Amino acid sequence: MRMPDKHAFLSPSSSERWFNCTPSAWLCEQFPDLGSVFAAEGTEAHRLCEFLLHEMLGIPDVDPRPGFQYYTEEMEECCRGYARFIREKIEAWKAKGVSPEVFIEQRVDLRTYIPESMGTSDCVIVADDEIEIIDFKYGMHRVPASSLQLRIYALGACELFRNLYDFSRVRMTIYQPRLGAVDEASMDVAALYSWAEEDLKPRAEQAFAGQGEYSVGEWCRNCRARRTCRELAAHQLEIARYDFKDPPLLSDEEIADVLSRVDGLVAWAEGVREYALKAALDGRKIAGWKLVEGKSIRKFTEDKAVAARLEMAGFDPYEKKMLGLTALERLMGKKNFTNLLSDLVVRPRGKPILAPVTDRRAELIPANVEFA
């Protein structure tokens with residue numbers, strides 16, 4: 001069995017998966033990490049955050065924006081908002097008479113508790129008796145400050161600075177500008193170390209050894225093996241025990257169970273379809289299935305030539321249509337958009353949907369129930 005890639009194996013970013021499903025660490029090694037546009041976009045946003053913080057702190061750095069592929073006005077505003085957020089943290093400590101120490105993109109060693117693991121914390125602030133770990137998230141999937149990833153970064157920062165500073169409390173903060181969200185959590189440093197010894201270290205050792213039991217949960221969402229994982233397949237197909245009865249024939253408890261699985265079932269099935277298509281394109285035969293040409297839509301060979309010919313014939317081939325709200329906001333930038341159009345923007349009530357009770361949105365009371 002080959003040794004894992006130190007950068008990818010048991011990383012803090014995938015900790016939610018390997019902590020809860022320890023054998024998945026080695027299982028994922030069988031599948032390439034293909035990356036994504038979202039990951040590449042997030043990497044650029046993090047680099048811009050680093051540059052802007054260096055600029056704010058007077059640390060020499062090279063502007064990375066000329067080499068970016070996904071740079072937008074939105075990215076600029078999100079990253080500048082993060083830099084302002086850090087500056088406000090620093091100023092708040094200074095107002096208390098404390099000069100905080102600030103560390104940007106701080107490398108932390110996690111090998112005491114997680115075999116062969118390192119990590120990089122976006123920002124660490126040490127002040128008085130507190131150490132704060134701040135993580136910038138550019139994605140649209142909400143991440144709580146209590147996440148395993150941030151707790152592990154907090155552990156690494158405590159390990160790095162515990163002999164240099166006298167802090168007893170650790171604060172963990174997630175900054176997600178595209179969701180307009182800032183989430184914070186805190187705990188005693190002693191409690192963090194107890195958790196690391198009693199829970200994290202044993203799970204990490206199991207994962208590194210490829211031991212433990214497979215477990216299905218939210219962490220399957222980003223698992224590279226999810227399309228062919230037998231445990232996930234068995235979990236999703238448990239829905240078949242209801243024998244596809246009409247909804248009125250199911251009990252409320254059964255409906256609740258179906259609702260808890262349906263999104264995952266659809267995503268899993270689509271993932272299996274994508275995996276089978278790629279396998280077929282690679283030359284593998286899937287029993288009972290074959291590659292065929294899909295539906296095709298007519299299109300012009302050259303739009304400019306079509307427009308020229310239509311105009312010569314006396315036809316106007318163009319239509320004028322105002323850009324949508326989101327496109328206009330991207331075009332103008334959020335600040336200009338707000339200054340010029342905010343009084344003309346309204347957010348209608350959203351259509352009622354079902355959500356888990358853990359969802360942060362307020363519960364709606366149906367009108368007939370409220371009236372009764």
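The values are calculated or read from the model by the stated rules, or taken from the named source; none is laboratory data. Just so it is clear, the model here is predicted, and its values are computed rather than measured. Because the Cβ atoms are built from the backbone with ideal geometry, glycine has one as well, and the counts that use them run over all protein chains shown. Only protein heavy atoms, including side chains, enter the accessible area calculation; ligands, DNA and RNA are left aside. Shrake-Rupley method; radii C 1.70, N 1.55, O 1.52, S 1.80 Å.
Please give me, ordered by residue number, the trypsin sites (Lys or Arg not before Pro) of the range 150-239 that lie in loop per DSSP and have at most 13 other Cβ atoms within 10 Å. When the trypsin sites (Lys or Arg not before Pro) of the range 150-239 are filtered for loop state and at most 13 Cβ neighbours within 10 Å, ARG162 remain. Once you compute Rg and the Kirkwood Rh from C-alpha atoms, what is the Rg to Rh ratio for the range 37-179? So for the range 37-179, dividing Rg by the Kirkwood Rh gives 0.96.
Pairwise Cα distances in the chain exceed 31 Å for 55 percent of all pairs. Using C-alpha pairs under 8 Å with a sequence gap of at least 6, the mean separation divided by the residue count of the chain gives a relative contact order of 17 percent. When Rg and the Kirkwood Rh are both derived from Cα coordinates, the Rg/Rh ratio for the range 57-126 amounts to 1.06. Packing here is the average count of other Cβ atoms within 10 Å per residue, and on that basis the peptides 113-122, 152-161, highest first, run 152-161, 113-122. Ranked by the mean number of other Cβ atoms within 10 Å per residue, highest first, peptides 19-27, 300-308 order as 19-27, 300-308. The accessible surface of the chain, taken with every protein chain in place and a 1.4 Å probe, is 54 percent carbon and sulfur.
In order along the range 102-115, phi translates into HN-Hα couplings of 10, 10, 9, 6, 7, 6, 10, 9, 10, 5, 5, 10, 10, x Hz, rounded to whole numbers, per the Karplus curve 6.51 cos²θ - 1.76 cosθ + 1.60 with θ = phi - 60° and x for Gly and Pro.
Within the chain, the selection of entire DSSP H helices by a Cα span of 27 Å or greater along the long axis and an average Kyte-Doolittle value of at least -1.0 returns 37-57, 73-95, 252-281.
Rounded to two decimals, the Cα radius of gyration of the range 247-372 over 2.2 N^0.38 Å is 1.84. At a probe radius of 1.4 angstrom, the accessible area of the chain per residue rounds to 67 square angstrom. Its residue count N sets the reference 2.2 N^0.38 Å, and the alpha-carbon radius of gyration of the range 303-372 equals 2.04 times that reference. Orientation-averaged projection of the range 1-108 equals 9.7 nm² [convex hull of Cα atoms, one quarter of hull surface area].
For the range 173-274, the list of GluC sites (Glu not before Pro) that fall in a loop by DSSP and count at most 10 other C-beta atoms within 10 angstrom reads GLU213. What is the gain in length, in nm to one decimal, between LYS299 and ASP316 on full extension, counting 0.36 nm per residue of separation less the C-alpha to C-alpha distance? The LYS299-ASP316 span can extend by a further 4.3 nm.
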